[in-house]
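Readers should treat all values here as calculations from the given coordinates under stated rules, not as data from a laboratory. Computed from a predicted structure; not experimentally measured. Note that we place each Cβ from the backbone using ideal geometry, even for glycine, and neighbour counts take in every protein chain shown.
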Amino acid sequence: MIRFEKVTKKYDDGTTAVNSLDLTINKGEFFVFIGPSGCGKTTTLKMINRLIELTEGTIYINEKKISEYDINELRWNIGYVLQQIALFPHMTIEENISIVPELRKWKRDKIRKRVDELLDMVGLDPDTYRNRKPGELSGGQQQRVGVIRALAADPEIILMDEPFSALDPISREKLQKDILDLQKRIKKTIIFVTHDMQEALALGDRICLMRKGEIAQLDTPQAIIENP
Ligand code: ADP
Ligand code: ADP
C-alpha cells in the first residue's frame, strides 16, 4: 500500500540522506527501519507524510502519488509519534487527543467517546486522566497519550520515530507489549524507526536495515536471527 520508487533525498548542503530507495510496505504490516544514526531512517519516514519533500523518485500510497494528495488530508490520515513527547502542556489530555478529530470536524459526542475509548485502550482511566495536564502524568503515561493521539482520527498509517527511546526500560517494555496488542486489534500499517535491534526483532513483521541511505537487508525477524 506504500510504495517507494527510486526515492532519493539530497539536502541543500549536498548530503544524500536516502539513495534510490525501492520498497513496498504492505497494508496492516508492522514495518521497522533500523540502522545507525545518520543512515536515513528519519528522512525516509518524514517523506511519507511530506514533512520532507523528496528530491527524486515517487512515493505512492494506495497507488496514488503522495504529491497528488491534499496535504492536510494526507497528514490527517497518517498518525505521527515522535521520540520527544510532544503534548501541548497547557492543554488537557482530552484536548491533546482531540486535535485532529476537531480539525476533521467530528461531532463533540463522537470525539468524547473516542477519547475515552483510546484512554481505556492503553490502561488510563478516562475519569481520572481526561482533564489532567500532561505535566501531571509520568513519562510513560505521556508517551501512551502521544501514541493514542496519533490514532485518534483513525488513520490508515502510523509513523513512529523512536517513540520509546526516552523511556526507562520497564515503561519501554510495557509500551512495546501495548503497541503489539494495539496493532493486532486495529490492524493498521505501522512504520517504526528504532536503533535498537531487540526492539526491532520484538515488534517487526519485517525489518529493514538501512546503511548510508540504502537498504542493507530486508527480512523477517526470524530470517534476520538465522542470517544476521
Ligand atoms: P536522529 O539521528 O535521531 O534522526 P538527528 O540528531 O540526526 O536525529 O537529527 C535531529 C534533527 O536535526 C532532524 O530534524 C534532522 O533533520 C536535523 N539534522 C540532522 N542532521 C542535520 C544536518 N547535517 N544539517 C541540518 N539539520 C540536520
Ligand atoms: P537517521 O534517522 O537514520 O539518524 P537522518 O534521516 O536523520 O538519519 O539523516 C540522514 C543523513 O542526512 C545524515 O547524514 C544527516 O546528517 C543528514 N541530514 C538530516 N537532516 C538534514 C538536513 N536538514 N540538512 C542536511 N542534512 C541532513
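Is the C-alpha gyration tensor of region 131-205 telling us rounded, prolate or oblate? Criteria: a/c under 1.5 is rounded; beyond that, a/b larger than b/c is prolate, otherwise oblate. Because a/c hits 1.5 or more and a/b fails to exceed b/c, region 131-205 counts as oblate. For the cross-link pairs Lys65/Lys177; Lys107/Lys184; Lys46/Lys133; Lys9/Lys107; Lys105/Lys174; Lys27/Lys113, the ones whose C-alpha atoms lie over 31 Å apart are Lys65/Lys177; Lys9/Lys107; Lys105/Lys174.
Label-to-label distance, Asp154 versus Gln198, with points set 7 angstrom from Cα along the beta-carbon direction: 3.7 nm. Give me the aspartates and glutamates in straight-line cross-link reach of Lys188: C-alpha distance below 15 Å, same-chain residues under 8 apart excluded. Qualifying aspartates and glutamates at Cα under 15 Å: Glu29, Asp154, Glu156, Asp178, Asp205.
Taken over region 171-228, the percentage of Cα pairs per 5 Å bin, counting from 0 up to the bin with the maximum distance, is 4, 16, 27, 25, 16, 10, 2. P(r) tail, region 78-228: Cα-Cα pairs separated by more than 28 Å, 22% of all pairs. Stretching the chain fully between Arg50 and Asp127 yields a gain of 24.1 nm (0.36 nm per residue, less the alpha carbon separation). Note on the chain: helix-only mean residue ellipticity at 222 nm, from DSSP H runs of 4+ residues weighted -39500 (n - 2.57) and normalised by residue number, equals -11000 deg cm²/dmol. With the cut-off at under 19 Å, measuring from each backbone N in region 213-228 to a point 7 Å along the Cα-to-Cβ line of Lys10 picks out 213-215. The spacing between region 75-109 and region 1-66, judged by their C-alpha centroids, is 25 Å. Toward the positive end of the charge dipole of the chain, with +1 on the Cβ of Lys and Arg and -1 on the Cβ of Asp and Glu, the farthest Cα among Pro221, Met91, Tyr11 is that of Met91.
For region 1-100, applying the loop criterion from DSSP together with a ceiling of 15 other beta carbons within 10 Å to the GluC sites (Glu not before Pro) yields Glu53, Glu63. Exposed loop sites here mean trypsin sites (Lys or Arg not before Pro) with a DSSP loop assignment and at most 13 other beta-carbon atoms within 10 Å; the chain contains its longest site-free run at 108-186. Its Cα centre serving as origin, the chain has a Cβ charge dipole (Lys and Arg +1, Asp and Glu -1) of approximately 500 debye. Here the scattering of region 31-89 is modelled by Debye summation over its C-alpha atoms, one equal scatterer each and no solvent; at q = 0.17, 0.25, 0.30, 0.31 Å⁻¹ the log10 of I(q)/I(0) is -0.68, -1.20, -1.37, -1.39. Modelled spin labels at Lys110 and Ala86, positioned 7 Å past Cα toward Cβ, are 2.5 nm from each other.
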